[in-house]
């Protein structure tokens, strides 16, 4: 079996893995080396160690990239699980369809989107990815193929949604797509001066806009704490001449990893201030191609390299209910004091549409996501402070983004984890899972 | 719009090429040994935009079945103007050295079955005075090396055959294209460690479609292999026999 150095998107861990591969949905579950655990692996866009299996094998699924059927009348698409959202977009957008839920990158596989039950800027309307999965096939290491849907094998469906690849390998899925009038987005960007304004703006926007998300200046404190820009958008019907002028964005690339992180105190302060003031007025309307609206970072290939050889951590939490507002203020204050901010602090209010996923991350509340250059112990010290705020608020962290959360925070944040355990395939494991369940 | 027969359609390079052809609306007829894998690929190509996709099970070593499958392809597509021959197996050199039977079988898979099929196609295309024949040979066929000379000699047969066929069919307006891929990261090579010389099937497929459209004669994919093989071919035998390539 070949071995290869594999790292996740955060570039913190680089480790040798034995590689196994599926060629199509018809293949059997590979034997691998007896006694060695196996983790299904999609496109490796998880940030931390949930897509890694140190000391074990990865089961590559990218070659499961066939469409099975697509009905342009109903928007029902069946495809193998290794296909990228980017491939689906290329096929369906010209026919007036769109994935009802998309994360911030289109370079994720369908299997990965299910296994992490990803969400997007329209969570308040559409819920999570699994809410639009009509059915999926789960291949277990004993050769069993389970057809799972909300009606058939619903408990397996619930375990596999957000199940981090631990319940077996997803071979294919059937998705319900959503109609769009065209590939362009009508966007309004509004500057807000503090958190209170953000929440008011959000409550108002969520009624009339399909997509809402805010960027937060995580360097400012005091009266300016939580200032930022809110984007609210709907897809729009556009005349053809507009379509041509608002073409897809140009592709840039970070060709190599700089010797140190380009994200540091100086660039952070500068970026955050400039970004906040990037528009002259309080409100700005614009029309954008869906690619630059949904996937701004996809336009810069390998942007994760900007964080230097030590890599980056992303920290994404959700805190529930009304108390969540105070927790968010406390988190932002703690981050600003630490001086370890981030270019991309993203704030969004999740809606109340529930996911069946036992370990699904999104829930009603407020989510905050930040990238941090890996500064070792200094950063971990900050993380522990943030952890305790989240823990006290009854919140949780997103496994897809995590490479370090303490086991207790995971287990308290995901009370259904013990219910999930019996669904784990006896051959499957991951570095993340061993880490957060150790000693439990 | 082309009417394309793909022999060995489950090979990763063939499938990637077929996708590009499907996306531009070509009609395709696929053959391979496994019916379920064929059906999965056919469905995918249909979704991607192929005008029509037909399939037939074919073991290329069953030399007597070639005529029948060609008839089927022509019948379903209402003609045939392009053939991509992509079937093959990566021989295990060490096992071949121990077994004359296995050696003969590998030469059959990768060499004899190809030239048999080409003989029939060539006559049909010569008669219709049009067509494009694309065959995936290999850089391994450019010079026998101890690490894989059984596979290499089968491919050398194919390469030499194509060279002659190209001359013969030139006057009939039939293009004969030899594709010389280097190391390609496919299921056939899953057991190898991958270094910088390895290409993705999608990359090779783009090169094949470009070669069909031009049409080219001998195409190394990626292109730098032309230089590598030029050097390898020009090493004097006295030195070459001592190398551990």
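The values are calculated or read from the model by the stated rules, or taken from the named source; none is laboratory data. Note that the structure is a prediction, hence the values are computed from the model and not measured. Positions of Cβ are backbone-derived with ideal geometry, glycine not excepted, and every protein chain shown enters the neighbour counts.
Things to note:
- Of the residues examined, residue A:314 is one that is within 30 Å of residue A:165 (Cα to Cα) and buried (at least 16 other Cβ atoms within 10 Å of the Cβ).
- Pairs with Cβ under 6 Å, 6+ apart, first in segment B:177-193 and within 9 Å of chain A (Cβ to nearest Cβ), second crowded, with 17+ Cβ neighbours inside 10 Å and at pLDDT below 90: none
- Only a single item in (1) in contact with a strand residue (DSSP E or B) (Cβ under 7 Å, 6 or more places away or on another chain); (2) modelled with pLDDT under 90 is not met by residue A:298, and it is number (1).
- Matching residues in segment A:395-440 - criterion: being outside any helix (DSSP H, G or I), surrounded by fewer than 20 Cβ atoms within 10 Å (Cβ to Cβ), more than 21 Å from the chain's Cα centre (by Cα) and in contact (Cβ under 8 Å) with a residue 40 or more places away in the chain: A:424, A:426
- Restricted to helices (runs of 4 or more DSSP H) entirely inside segment B:24-113, those with at least 1 residues that are buried (at least 22 other Cβ atoms within 10 Å of the Cβ) are B:35-48, B:66-77, B:100-107.
- Residue among A:328, A:366 that is under 21 Å from residue A:119 (Cβ atoms) and in a helix (DSSP H, G or I): A:328
- Only a single criterion out of (1) within 25 Å of residue B:189 (Cα to Cα); (2) without any contact (Cβ under 8 Å) to a residue 12 or more places away in the chain; (3) in contact with a strand residue (DSSP E or B) (Cβ under 7 Å, 6 or more places away or on another chain) is not satisfied by residue B:47, namely (1).
- Qualifying residue in segment A:389-400 (condition: modelled with pLDDT of 95 or more and at positive phi): yes
For (1) in contact with a helix residue (DSSP H, G or I) (Cβ under 6 Å, 6 or more places away or on another chain); (2) touching a residue at least 12 places away in the same chain (Cβ under 8 Å); (3) closer than 22 Å to residue B:53 by Cβ, each residue gets a yes or a no:
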site: A:34; (1), (2), (3): no, no, no
site: A:40; (1), (2), (3): no, yes, no
site: A:55; (1), (2), (3): no, yes, no
site: A:69; (1), (2), (3): no, no, yes
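Results for (1) at negative phi; (2) touching a helix residue (DSSP H, G or I) at 6+ places or on another chain (Cβ under 6 Å), shown as yes or no for each residue.
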| residue | (1), (2) |
| --- | --- |
| B:61 | yes, yes |
| B:73 | yes, no |
| B:78 | no, no |
| B:82 | yes, no |
| B:92 | yes, no |
| B:104 | yes, no |
| B:124 | yes, no |
| B:128 | yes, no |
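- Scoring residue B:20 on the criteria (1) part of a loop (DSSP other than H, G, I, E, B); (2) touching a residue at least 60 places away in the same chain (Cβ under 8 Å); (3) surrounded by fewer than 19 Cβ atoms within 10 Å (Cβ to Cβ); (4) within 14 Å of chain A (Cβ to nearest Cβ) leaves a single failure, condition (1).
- Screening the candidates B:160, B:175, B:199, B:205 for the property of being within 13 Å of the chain's Cα centre (by Cα) and either surrounded by 15 or more Cβ atoms within 10 Å (Cβ to Cβ) or under 25 Å from residue B:233 (Cα atoms) (or both) yields one hit, B:205.
- Within this structure, residue B:224 fails the test of being surrounded by fewer than 16 Cβ atoms within 10 Å (Cβ to Cβ), within 14 Å of another protein chain (Cβ to nearest Cβ) and more than 18 Å from residue B:110 (Cβ to Cβ).
- When the strands (runs of 3 or more DSSP E) confined to segment A:1-72 are screened for residues that are away from every other protein chain (no Cβ under 14 Å) and modelled with pLDDT of 95 or more, those reaching at least 3 such residues are found at A:38-41.
- Residues within segment A:346-372 that are more than 20 Å from residue A:325 (Cβ to Cβ) and surrounded by fewer than 21 Cβ atoms within 10 Å (Cβ to Cβ), tallied: 3
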